[in-house]
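**Student:** Here it is: the structure, laid out below.
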Amino acid sequence: MKFTIWLITFEMITVVCLFWQESFSDAAESQPGVSIFSQTKTPGTEVNWRGNVLIEKVTLTYLEPKTFTQTGEVQTTRVGGWEVVNTISKNPELPYRKEVGIRSDRVEITVQCNLPAYRNVASKGYHTYMFYVPIESLMGMRWTAIIGPSGEPKTVKGVLTEQTPDGELAGSAARWIGFSSMGKNIIFDLNPKGLTSSYCSNSDLHSPWNVRKAGKYITFSISVAARDWGGVLSSKVIIFEASPDDYLNYHTGDPYWYFYQIPIIQNFIFGEYIDDKAYVTIKSNLYDVNKGYGWASNEGLKDYSEVPASFVYTATMGSRDNEFIIKVDKPGLYVVRIFSSNITADESGPFSVISNGEMKARDQKVQGGKYKTITYLQWLPAGEFRLRLTGSWILSGLSLQRVIHENEDYAFNRGVWLVPDIFEPTPVLSSRFYRKPPEYKVAISEIDLPPKKLIEPKSIEGFSDLETSLPAVDDPKMAWRYDGFIGGMGQDNNGTFLEYDTPEKITRRLKEMKAKGVTVVILNGYLARHCFQGQLARVQKKVKEITQIAHSLDIKVIDHCELTILWYMETALRYMSEHLDWCQRTIDDDTLFQGLCPLNRAHRNAYFSRMREYIADTGIDGVMIDEVGFHSGKTCGCDYCRAQFTKETGLIMPIGKNSQMIDTKSSLLHKAWFEWRQKAVGDWWVEFRKKAADNRKDFCIMGYVCNAGLWSEFDYKFGYDLFAMARSNDFVGTEIWLGNPMDNYRFVYADRRYFNIFRHEGGYPVFGLVYHSNDEYFAYFGWAMNNMLGQSTWDSTEVSVKSNTPNFLKWPENMNKQFAREMGDVAIIFSEKSRNWAPSGVPARDGIGLSQILSDNHVQHVILTERSLKESEDLKKFRVVILPSTCCLSDEEIQVVREYVKQGGHVYVMGDAGLLDVYGTARAEWGFADIVGCDVSVNATWPVGTRLSSEGGQSIPYSQSLLKIIPRSNSTSLKVLVNTMNNQGRILGPACVSNTFGKGTITYCSAQLGTMNYQTVYRDTWEYELDPSLAEIFLKTFRETAGSEPLNFEVIQISPQMISSHWRQNIDGVDCTLIHFLNATGVRMKKGDKMVYKKTLPAFPALDKDVIFEIGLPSISQAYVTSPDYAGRKEVRFEKVDEGRYRVIVPKEAIHAYAMVVLQ
């Protein structure tokens, strides 16, 4: 009967047959003393499983056609129940080690090899280790795999049958795959260290693996790209019997993101704490086996609570020894954190903490009005965890966070090799790093209790006149940054500094780069250097060697590293165990992130001291240090950050449920805290130059934020604010990401304009990191966009100059980016405060959308910040100043705008600009009400779906809500430019008005016309479609604001898909005007199209018309066009059309891809 039910469930007869076969086989082989796994005795094969071959053969790409057994020395060792076979080759052409350890119930395979630089060949693009499992061993079995990135792992399932096609079994590379049929299971754990090890994999164990059906085999392979620089391949797989669904019994399993809060397993609050789903509230409850927690005894326990919204004011207390017991479901390394609060005026204690029999803190006392945290790492087995408190104690909180599962330990109680003291092909993951027992230091801190009630400040003072530490703008020693072309040696963040292992290879590589135009090399290996303590001395020696050779070739060297992240790599978690007091903590419950606090004074001093010696010894020309900030909007709440925040602001951060107030923009305390974090990070950078760089002003500090990190709140939330960094960072920029800058040019060009803020307001160089997917047209286009905005280029992978594009880096008549000045008739104001404190949305999208429309129409403009709203004189060089949704403005900034208009300026105000004060609080009266002659309020809006009425009465859809404009009765000069209209065609009121004030004009439009035409960056499918009607409304109202006089630069005949910029530069003593043109007419994306990462040809179609524009200049004596696309100069015609105004005609043949018109 059982057989019949099973047969109906699984329909394939072949599977039934396999079941019977396996059942008999299992019964025969599951006898006492018979091993599940064994070392095969057949030459060329590897592992048996229950008497049958499981792994038949193994290959390594750069050994082929030879095998491991033909090239390596074999050593067999018995270690603690393991039979271990190591195959070793010390051949410098390909040193390797393959270790196969077999225990009766487990197989552990570890492989490491080092492909030397320039050993690669074109026919072998990847260096791959692969083992082959005969398909009959697994045929008919159901499989379960864990695939996907570490932040989003997912489970997929299937059945291996004769009909399964060749190819990736699970659809993509797998971290874990298990096979099962009735009574028979086998697991291949392909990511034994777990998800938290998933970044910069060359420097640790590679994962995930490709699992493919390939004819008569299931192949398991792990690869690294085989490039000129070579590289290390290290990986491990564990094979054992278990259910395929048992992944979480062997791993922590929690998704791992770049910034990672160590998973909270239990978070207990003691006493009468207010209910909160984030915590388990414990009173004097005895241990309950069903709940899995409680006290061993409740005798003499007392619960109390003064402020149930803050757990530091609740507790259970006792005066005799007691144990709190927690059931632990998974064995592993845990963070144990204990809170002890003393709400009295007298000192409490002493008490001691004994954790599973280990003394962790002895004779602790807590001063009156303070709380103490005791934090430590401890290995806990599955079962009961007993926290013993002795003496007179107070317990307010207790949490457990699981760092790694016991099965993921390859850093504390052992390394990656089973046999540690034999040949290792590289220093990567060397056994010597794990010989010394780890230190588990206990972190103890004592902090003032926060107020019993949340204290909101009535106002925020902010910070002004902050110290800077920067080179002089015109310092000749630093001129190299402006025209620098930055390239990596190849290995990117995955590097180990083993890639170019001789001076000859280093020299060869640097000469190759120099020949292609690279002037600055950026070193990227071992990004989080603190995770690799055993490598630091070797890396320093190698960087010094590279720098000396680079300098002999007149190449500058920037070292790229990272400050705070603790990936599970090599010795990172050991380093954390020694410095728990340096870790970032949350403000709400003091739990830990797996990262270091940048502000912690001990960490800071240690880092500055090490970097001072490192910079002096290596001779590098600069650094780029990532992640000098926080890992969450809720960090850091460590004792140093709390005390320093209070010291500098007089405010106190809450903890517990009250702290939720600090995590909302409506709280002034939240804003004060974020402002302080921004200032504190800026202080870090200033101190870095002083102490680590020995206050050198000829030392470059590159400042980098992620794409959109300048103008969105994302990076600001994490403390990576480029304006704070620029107090010491003298070369700033970001990535031009997603690999296709050409089709995404409208967004990219506007974004690059925003970064030019630092040129306009500081005079400092800007870089753009071009991701080009190794497409030469994308590489050229990305460089050209940077160049025409006066920015340097960092090439993402390799300088991609090929036969179809010119060597643009060798262009002899390029603009001098250090001394050229960008020109524009229009300034768009980007508001930092609006970015930070707008109640919702991303205000900058309105400005970016307007910039895109202006660029389509060749209206030359620049982007400025509130820093340019200090004096009205700073605005006088612009015909029009646009304030697009700059909701948060100070009284002083509004007054500067008023004065600019009064003196004859033209201002275009849009959306909610000026409706809030500088910290996002609604104004009693709109800041521009009296000069526009209208009232506008955040509380008065037209409903969504209200339409706009154009000049001719055309009804235009508008999908967002609109603020109501209420004209004042005394506004006699008010002019309505656009109206609102309902669906029935009835006019409701004005949507855009213009008024005169003093000698100038101010226009206000309640519609966010830029936001409605904002184009973002697309990765997969193109979704953008220009709304021409709304764009036309903006252009008409903009022209109305600018007045009847032409702008300095006016388009006569230029395609909207040409990109232009306007500069002035002194050439040979003559002040010249430079007009750049970049041909984007090859972009043909429309809504619904799939993005491509190789340019569809022709990339730069021939122009069908001459380019014609007018420009205001006193005179022109000579005009020509020059380009990287051809040698020499080509003549340009010009004619005078009015006094001080000329028409310029550029022959269409003179602009192929990118060209620059020079007017003398």
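The values are calculated or read from the model by the stated rules, or taken from the named source; none is laboratory data. Note that the structure is a prediction, hence the values are computed from the model and not measured. A quick note on method: Cβ atoms are made from the backbone with ideal geometry, for glycine too, and the neighbour counts reach across all protein chains shown.
**Student:** Could you check, for region 473-488, whether at least one of its residues is among the small types (Gly, Ala, Ser), part of a loop (DSSP other than H, G, I, E, B), surrounded by fewer than 14 Cβ atoms within 10 Å (Cβ to Cβ) and in contact (Cβ under 8 Å) with a residue 60 or more places away in the chain?
**Tutor:** Here is the first cut: in region 473-488, the residues among the small types (Gly, Ala, Ser) are 479, 484, 487-488.
Imposing the further condition that a residue be part of a loop (DSSP other than H, G, I, E, B) reduces the set to 484.
When the remaining residues are screened for being surrounded by fewer than 14 Cβ atoms within 10 Å (Cβ to Cβ), the result is none.
The answer is no; no qualifying residue exists.
**Student:** Within 20 Å of the chain's Cα centre (by Cα) and among the hydrophobic types (A, V, I, L, M, F, W, C) - does that describe any residue in region 547-557?
**Tutor:** No; the residues of region 547-557 include none that is within 20 Å of the chain's Cα centre (by Cα) and among the hydrophobic types (A, V, I, L, M, F, W, C).
**Student:** Out of all the residues in region 511-522, which are buried (at least 23 other Cβ atoms within 10 Å of the Cβ) and modelled with pLDDT of 95 or more?
**Tutor:** Listed by number, the residues that qualify are Val520, Val521.
**Student:** If I ask for residues that are hydroxyl-bearing (Ser, Thr, Tyr) and farther than 18 Å from Met702 by Cβ, which ones from region 509-561 would you list?
**Tutor:** Ser552
**Student:** Here is a follow-up. Please determine whether any residue of region 803-815 is outside any loop (DSSP other than H, G, I, E, B) and either under 21 Å from the mean Cα position of the chain (by Cα) or on the phi > 0 side of the Ramachandran plot (or both).
**Tutor:** So far as region 803-815 goes, no, none of its residues is outside any loop (DSSP other than H, G, I, E, B) and either under 21 Å from the mean Cα position of the chain (by Cα) or on the phi > 0 side of the Ramachandran plot (or both).
**Student:** Which condition number in (1) farther than 18 Å from Ser851 by Cα; (2) in contact with a helix residue (DSSP H, G or I) (Cβ under 8 Å, 6 or more places away or on another chain) is the one that Leu1078 fails?
**Tutor:** (1) is the only condition that Leu1078 fails.
**Student:** Among the candidates Gly178, Gly140, Gly158, single out the residue that is part of a loop (DSSP other than H, G, I, E, B) and either over 30 Å from Arg97 (Cα atoms) or in contact with a strand residue (DSSP E or B) (Cβ under 6 Å, 6 or more places away or on another chain) (or both).
**Tutor:** Unique residue meeting the criteria: Gly140.
**Student:** Taking Leu380 as the residue in question, decide whether it is of a type in the set (A, V, I, L, M), touching a residue at least 24 places away in the same chain (Cβ under 8 Å), surrounded by 16 or more Cβ atoms within 10 Å (Cβ to Cβ) and closer than 21 Å to Leu248 by Cβ.
**Tutor:** Considered against the rule, which asks whether it is of a type in the set (A, V, I, L, M), touching a residue at least 24 places away in the same chain (Cβ under 8 Å), surrounded by 16 or more Cβ atoms within 10 Å (Cβ to Cβ) and closer than 21 Å to Leu248 by Cβ, Leu380 comes out as yes.
**Student:** What is the number of the single condition among (1) crowded, with 24+ Cβ neighbours inside 10 Å; (2) touching a residue at least 40 places away in the same chain (Cβ under 8 Å); (3) within 23 Å of the chain's Cα centre (by Cα) that Leu566 does not meet?
**Tutor:** (2)
**Student:** Of all residues in region 161-190, which are free of Cβ contacts under 8 Å to residues at least 40 places away in the same chain and either touching a Leu at 6+ places or on another chain (Cβ under 7 Å) or within 20 Å of Ala242 (Cα to Cα) (or both)? Give the derivation first.
**Tutor:** We begin by selecting, within region 161-190, every residue free of Cβ contacts under 8 Å to residues at least 40 places away in the same chain; these are 163, 171-175.
Matches in region 161-190: Ala174, Arg175.
**Student:** Same structure again: Hey, can you tell me all the residues within region 618-643 that are within 26 Å of the chain's Cα centre (by Cα), in a loop (DSSP other than H, G, I, E, B) and not hydrophobic (A, V, I, L, M, F, W, C)?
**Tutor:** Once the filter is applied, which keeps residues that are within 26 Å of the chain's Cα centre (by Cα), in a loop (DSSP other than H, G, I, E, B) and not hydrophobic (A, V, I, L, M, F, W, C), region 618-643 yields Asp621, Glu627, Gly629, His631, Ser632, Gly633, Lys634, Gly637.
**Student:** State which residue is nearest to Thr155 (Cα to Cα) when the search covers only region 218-250 and only residues that are among the charged types (D, E, K, R) and within 28 Å of the chain's Cα centre (by Cα).
**Tutor:** Of all residues in region 218-250, those among the charged types (D, E, K, R) come to 227-228, 236, 241, 245-246.
Restricting the remaining residues to those that are within 28 Å of the chain's Cα centre (by Cα) gives 227-228, 236.
On the way: Arg227: 33, Asp228: 36, Lys236: 21 Å.
For region 218-250, the residue satisfying everything is Lys236.
**Student:** Any residue in region 766-778 that is assigned to a loop (DSSP other than H, G, I, E, B) and touching a strand residue (DSSP E or B) at 6+ places or on another chain (Cβ under 7 Å)?
**Tutor:** The answer is yes; a qualifying residue exists.
**Student:** Just give me the residues in region 519-532 being of a type in the set (A, V, I, L, M, F, W, C) and either touching a Lys or Arg at 6+ places or on another chain (Cβ under 8 Å) or part of a helix (DSSP H, G or I) (or both), in sequence order.
**Tutor:** Listed by number, the residues that qualify are Val520, Val521, Cys531.
**Student:** Looking at (1) part of a strand (DSSP E or B); (2) buried (at least 21 other Cβ atoms within 10 Å of the Cβ), which is the only condition Asn120 fails?
**Tutor:** The number of the failed condition is (1).
**Student:** Mind checking which residues of region 1123-1145 are crowded, with 20+ Cβ neighbours inside 10 Å and under 43 Å from the mean Cα position of the chain (by Cα)?
**Tutor:** Listed by number, the residues that qualify are Ser1123, Pro1124.
**Student:** So, in region 930-942, how many residues would count as being without any contact (Cβ under 8 Å) to a residue 40 or more places away in the chain and either within 25 Å of Lys458 (Cβ to Cβ) or buried (at least 21 other Cβ atoms within 10 Å of the Cβ) (or both)?
**Tutor:** Here the count works out to 3.
**Student:** Kindly establish whether Gln39 is loosely packed, with under 11 Cβ neighbours inside 10 Å and either modelled with pLDDT of 65 or more or under 15 Å from Lys184 (Cα atoms) (or both).
**Tutor:** Details: loosely packed, with under 11 Cβ neighbours inside 10 Å: no; either modelled with pLDDT of 65 or more or under 15 Å from Lys184 (Cα atoms) (or both): yes.
In short, no.
**Student:** Within region 839-859, identify whether any single residue is surrounded by 24 or more Cβ atoms within 10 Å (Cβ to Cβ) and on the phi > 0 side of the Ramachandran plot, and answer yes or no.
**Tutor:** no
**Student:** Just checking, how many residues over region 52-87 are part of a loop (DSSP other than H, G, I, E, B) and either in contact (Cβ under 8 Å) with a residue 24 or more places away in the chain or buried (at least 18 other Cβ atoms within 10 Å of the Cβ) (or both)?
**Tutor:** 2
**Student:** Looking at Thr1001, Thr1011 in this structure, which one is in contact with a His (Cβ under 6 Å, 6 or more places away or on another chain) and in the same structural domain as Ile931 (by TED's automatic domain parsing)?
**Tutor:** None of the others qualify; the one that does is Thr1001.
**Student:** Assess whether Ser150 counts as being at pLDDT below 95, small (Gly, Ala, Ser) and touching a Leu at 6+ places or on another chain (Cβ under 7 Å).
**Tutor:** yes
Conditions tested, residue by residue: (1) of a type in the set (Phe, Trp, Tyr); (2) crowded, with 23+ Cβ neighbours inside 10 Å; (3) more than 40 Å from the chain's Cα centre (by Cα); (4) under 23 Å from Pro437 (Cα atoms).
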residue	(1), (2), (3), (4)
Thr316	no, yes, yes, no
Leu333	no, yes, no, yes
Thr344	no, no, yes, no
Glu358	no, no, no, yes
Gln367	no, no, yes, no
Ser396	no, yes, no, no
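**Student:** Given (1) without any contact (Cβ under 8 Å) to a residue 40 or more places away in the chain; (2) part of a helix (DSSP H, G or I), where does Asp465 come up short, assuming only one miss?
**Tutor:** Looking at each condition in turn, Asp465 falls short on (2).
**Student:** So, Ile265, is that one among the aliphatic types (A, V, I, L, M), within 30 Å of Cys113 (Cα to Cα), surrounded by 17 or more Cβ atoms within 10 Å (Cβ to Cβ) and out of contact with any helix residue (DSSP H, G or I) (no Cβ under 9 Å at 6 or more places or on another chain) or not?
**Tutor:** no
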